[in-house]
Every structure is written in structure tokens, then in C-alpha cells.
Amino acid sequence: MQSACSSNCAQMWPQLLFSDSGGLTSSASLTEKLSVQTDANSNQVEYTGHLLYAFSGDTAPAQTNGEGLFGKWFVATPNLAVQGGGSTSGGYGY
């Protein structure tokens with residue numbers, strides 16, 4: 001799977017990266033496991049096959065200012081469908 005965002009897009013939507021400091025955890029109860037996709041440049045977090053991104057316009061925890069932006073960026077929720085089986089959001093993870 002390739003990143004959905006590069007260049008100028010990546011400045012607005014930086015990849016959610018994993019750094020090995022105790023493993024992947026979430027404050028939400030997830031139905032599936034978080035995982036890491038490793039490429040030559042990064043270790044990007046994914047959930048049910050959806051690569052996850054942060055939004056540069058969020059300045060505090062729990063903000064979702066990028067929700068629905070451009071009709072393709074949506075908040076990744078615990079019930080996000082497995083990639084390939086259809087997405088509950090219809091777009092990229094967030």
C-alpha cells in the first residue's frame with residue numbers, strides 16, 4: 001500500500017508515524033489491531049489496512065478539523081471497515 005499523500009499534501013496531512021516506545025496503543029477500544037507499514041522512509045501506523053494521518057489544522061487532542069475535507073479525509077473510527085471490504089468512511093484514514 002502506498003501513502004495517499006505526498007509533497008504539499010503531506011504538509012497538511014502528515015503521516016501518523018510509529019516510533020518504538022512501548023508498542024502501539026489507543027485510548028479507544030478497537031475491534032481490530034493497529035499495525036505498522038514500513039517502507040524506505042517511515043513506519044506509518046495503519047488500522048484495518050487504512051494508513052493513518054494527522055491533520056495540521058488540529059492543535060489539541062480530540063480536534064477533528066479535517067473531518068470530510070475534500071470529500072476524502074475522514075476520522076478513523078473503531079468500526080472502520082477492513083480495506084478491500086469497503087470503508088465506512090469512503091475515504092482515507094485520519
For the stretch 38-52, pairs from a residue that is in a loop (DSSP other than H, G, I, E, B) to a residue that is of a type in the set (Val, Ile, Thr) and crowded, with 17+ Cβ neighbours inside 10 Å, with Cβ under 9 Å and 6 or more apart or across chains, are 52/45
From the residues in the stretch 8-25 that are open to solvent by 90 Å² or more (accessible area, probe 1.4 Å) and modelled with pLDDT of 80 or more, which one is nearest to residue 52 (Cα to Cα)? 17
So, in the stretch 37-53, of the ones that are open to solvent by 50 Å² or more (accessible area, probe 1.4 Å) and of a type outside the set (Val, Ile, Thr), which residue ends up farthest from the chain's Cα centre (by Cα)? 40
Please verify whether residue 58 is in a loop (DSSP other than H, G, I, E, B) and at pLDDT 85 or above, treating the condition exactly as stated. yes
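The values are calculated or read from the model by the stated rules, or taken from the named source; none is laboratory data. Keep in mind that this is a model prediction, so the values were computed, not measured. Cβ atoms come from the backbone with ideal geometry, glycine included; neighbour counts cover every protein chain shown. For the accessible areas, the whole protein counts, side chains as well, though only heavy atoms, and no ligand, DNA or RNA atoms are used. Shrake-Rupley method; radii C 1.70, N 1.55, O 1.52, S 1.80 Å.
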